[in-house]
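This report refers to the structure that appears directly beneath it.
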Amino acid sequence: MIAVALLLLILVAGVGFLYWLLVVTEGAYLGSGVVAFLYDRGAASYDRVKQFDAVDDARRLALPLVRALRGVKRPLVLDVATGTGRLPQTLLRNLEFEGTIVGLDVSMGMLREAKRKTARYHGRVYWLWKDAMDLPFANDSFDAVTCLEALEFMRDPVGAVKEMARVLRPGGTLVATNRIGLDGLLMPGRAFSKATLEARLADLPLVSLETKKWQAYYDLVWGRKEGSLPAGARPREIEQVLWCPRCHGSALSVGSTRLACQSCGSKYPIKNDIIWLQTAPQQSQLGVGSAERCRE
Ligand SMILES: [Zn+2]
């Protein structure tokens, strides 16, 4: 009898652990390949499940971001882990925003959804298939960097924010989210107390930090990189800020079907307007794509 009870206990604990590993934390502790795999599978129904409030996004995301970017000529914005393009959509709907957005994600399925939903803004948003731990951009590239509902799914959230601060121009704005409440407690090492996260961001160094209550499970954190954005400076194009994920060479020539690195010779395909910068082993692990990373 005791043996049966023990067996049942182990079974329940095992099921509970698997539920936490795959559902509650969405594969976050199994690596970015698993996260991408799960998001690929859920991409088509993602927005239906999340039920974003477009009016609230316009008021609490787009409007303050546009205000922060006032004075910058055609600002360049990076949205890390862009998902189905929630941030690009709300920003592009704001008529005062005249800039360009780069949406980056590790899930090709989510990027395809994002591209479909922003088709009317063709030419104002670029989609990059790439994880966030090694951003393929030169230092001081973007006027704003955003990352919504995603830090906790990254292997090293603090390292990821450090990368975001690296590619942010002095004076540029950073917007990120921090998982809170029970959901935050269930993700040890991936979610932080308000004080801890602000201290980590201040170390980067980011200034003017402000944590705001946003959604039931997320705080919204705003900060600014030390320095000031040069008002009226010549706008930057994506070709000027991209660098090769392999050699970090900045001389990438952009064609209609691929990028080519002048330094190491690596080539990266562009398919259906999505730039494939994700490098192995992710592709080979999950069969998302194969031999797309070509070197000639
Ligand atoms: Zn290269």
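The values are calculated or read from the model by the stated rules, or taken from the named source; none is laboratory data. Keep in mind the model is a prediction, meaning the values are calculated, not measured. Note that each Cβ is placed from the backbone with ideal geometry, even for glycine, and that neighbours are counted across all protein chains shown. Each accessible area value is taken on the protein alone, full model and side chains, heavy atoms only, with ligands, DNA and RNA left out. Shrake-Rupley method; radii C 1.70, N 1.55, O 1.52, S 1.80 Å.
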Margin query: Using only the alpha-carbon atoms, how far is helix 108-117 inclined from the longest principal axis of the chain? Give it as 0 to 90 degrees, nearest 10.
Written below: 50 degrees
Checklist line | Set of aspartates and glutamates with alpha-carbon distance to residue 130 below 15 Å, sequence-local pairs under 8 removed | finding: 40, 79, 105, 163, 273, 292
Next item on the list: Place the peptides 170-180, 215-225, 22-32 in order of packing, highest mean first, counting for every residue the other Cβ atoms within 10 Å and averaging per peptide.
Entry: 170-180, 215-225, 22-32
Check: Given H placed 1.01 Å from N in the peptide plane, which residues other than close sequence neighbours of residue 137 have an amide H under 5 Å from its amide H?
Finding: 243
Next item on the list: Run the 1.4 Å probe and let me know the accessible area of residue 73, rounded to the nearest 10 Å².
Entry: 120 Å²
Check: For residue 52 and residue 258, FRET efficiency with R0 = 41 Å and r from the beta-carbon atoms, rounded to 0.05?
Finding: 0.75
Note to self: What number comes out for accessible area per residue over region 102-241 if the probe is 1.4 Å? Units Å², please.
What the structure shows: 41 Å²
Notebook entry, point to check: Just the accessible area for residue 239, please: 1.4 Å probe, Å², rounded to the nearest 10?
Noted result: 80 Å²
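Given the peptides 38-49, 9-20, arrange them by the average over their residues of other C-beta atoms within 10 Å, most packed first. Present the calculation step by step, with values, prior to reporting the outcome.
Values: 38-49: 14.8, 9-20: 10.4.
Output ranking for 38-49, 9-20: 38-49, 9-20.
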Next item on the list: Enter the Cα centre distance for the pair region 255-273 and region 155-212, rounded to the nearest angstrom.
Entry: 32 Å
Check: By how many degrees, 0 to 90 and rounded to 10, does the Cα axis of helix 32-50 deviate from the longest principal axis of the chain?
Finding: 80 degrees
Note to self: Using a Cα-Cα cut-off of under 18 Å, which aspartates and glutamates could be cross-linked to residue 213, ignoring same-chain neighbours fewer than 8 residues away?
What the structure shows: 53, 56, 57, 149, 152, 183, 198
Check: Hey, any idea what % of region 83-154's accessible area is carbon plus sulfur with a 1.4 Å probe?
Finding: 45 percent
